[in-house]
Amino acid sequence: MSSLFSDWMAGQSAEPSNDPAPSAAPVKRAKAPRASSEKVVLDTQLAAAIDIARSAIAEVAGSSVVGDHLGTLAEGTRLVTHYFACTDPTYRGWRWVAVLARAPRAKKVTVCETALLPGPDSLVAPEWVPWDQRLEPDDLTPRDTLPKVEDDPNLQQGFEQVEETSDGNLDEIPNFEFGLGRRRVLSPEGISAAATRWAESETGAESDFAAKASAHCSSCGYLMPLAGSLRQKFGVCANGWSPADGKVVALDFGCGAHSETDVRRQSTDPAEAVVDDYSAGELEFQEG
């Protein structure tokens, strides 16, 4: 099929005519914008070929799903599209189309193509969203590998070890980024995006644990600081008793496993025996 489906959105503003064969009625072309002074005349012979258009659609889809003729639309010189209602309940609001054409001074009508296209009120699929915009962190499995993003705004060029050249190219100064040798490192946008995610996570300053904690991670001995500017707001928890163990935590986060907090401890010594001397003495007096 040609460009019928891709031109559907552009042609929604041009409704088909209910008159099967209007005489010299100017109709705006639906497939491509035209100059305001340019007009397309509906070919009367093609507009009258309703049965040919219906037969072409029925040959592909069957006559049982082809409904009433909805009208015609002049696509160009001696090029007309016929619209038919689709009676299949699965495609409510959709329309069958058949594009007819004829050669100059020819009486024979040629069927160019047929298709089923959505109407103005049809239920259609939502707009396509690229994978990198709909992918969630939990969607990645151990066997998945994401494609490399060359122009990732979250990364920028880093320093890596390169070989010295005899010509002394100043662009190839051998540098090694603290032993890591990474080709790219986080950009300011990437650092900001990470900080936003961590601040809004379950280990952020607004979480339930943080709201009920008696002390924050900033004063906890189990906090491992991060490098760079992120150390001003975040660290890594190294407390095996904490629910945040091994996770990035905000300095304002906190939990009951803080290294310096304590609870009022109850004595573990056994209770002393209670002896009622008065009752025992009264009993001896009565017996004596």
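Data table
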| item | result |
| --- | --- |
| Verdict on LEU4 being in a loop (DSSP other than H, G, I, E, B), modelled with pLDDT of 55 or more and crowded, with 17+ Cβ neighbours inside 10 Å | yes |
| Selection from segment 189-241 of residues that are more than 28 Å from LEU155 (Cβ to Cβ) and among the aliphatic types (A, V, I, L, M) | ALA210, ALA211, ALA213, ALA215 |
| Residue list for segment 213-245, restricted to those being free of Cβ contacts under 8 Å to residues at least 24 places away in the same chain and farther than 25 Å from SER187 by Cα | ALA238, ASN239, GLY240, TRP241, SER242, ASP245 |
| Residue list for segment 115-130, restricted to those being surrounded by 10 or more Cβ atoms within 10 Å (Cβ to Cβ) and either under 8 Å from the mean Cα position of the chain (by Cα) or farther than 14 Å from ARG92 by Cβ (or both) | ALA115 |
| Sole exception among (1) modelled with pLDDT of 80 or more; (2) out of contact with any helix residue (DSSP H, G or I) (no Cβ under 8 Å at 6 or more places or on another chain); (3) not in a loop (DSSP other than H, G, I, E, B) for TRP128, by number | (3) |
| Options ASP138, ASP171: the member that is modelled with pLDDT under 75, in a helix (DSSP H, G or I) and either over 21 Å from the mean Cα position of the chain (by Cα) or surrounded by 10 or more Cβ atoms within 10 Å (Cβ to Cβ) (or both) | ASP171 |
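Per-residue answers, yes or no, for (1) aliphatic (A, V, I, L, M); (2) in a strand (DSSP E or B); (3) under 21 Å from LEU42 (Cα atoms):
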residue	(1), (2), (3)
GLU59	no, no, no
THR72	no, yes, yes
ALA98	yes, yes, yes
LYS107	no, no, yes
LEU117	yes, yes, no
ASP121	no, no, no
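The values are calculated or read from the model by the stated rules, or taken from the named source; none is laboratory data. Everything numeric here is computed off the predicted structure, so don't read it as measured data. We place every Cβ from the backbone using ideal geometry, glycine too, and count neighbours over all the protein chains shown.
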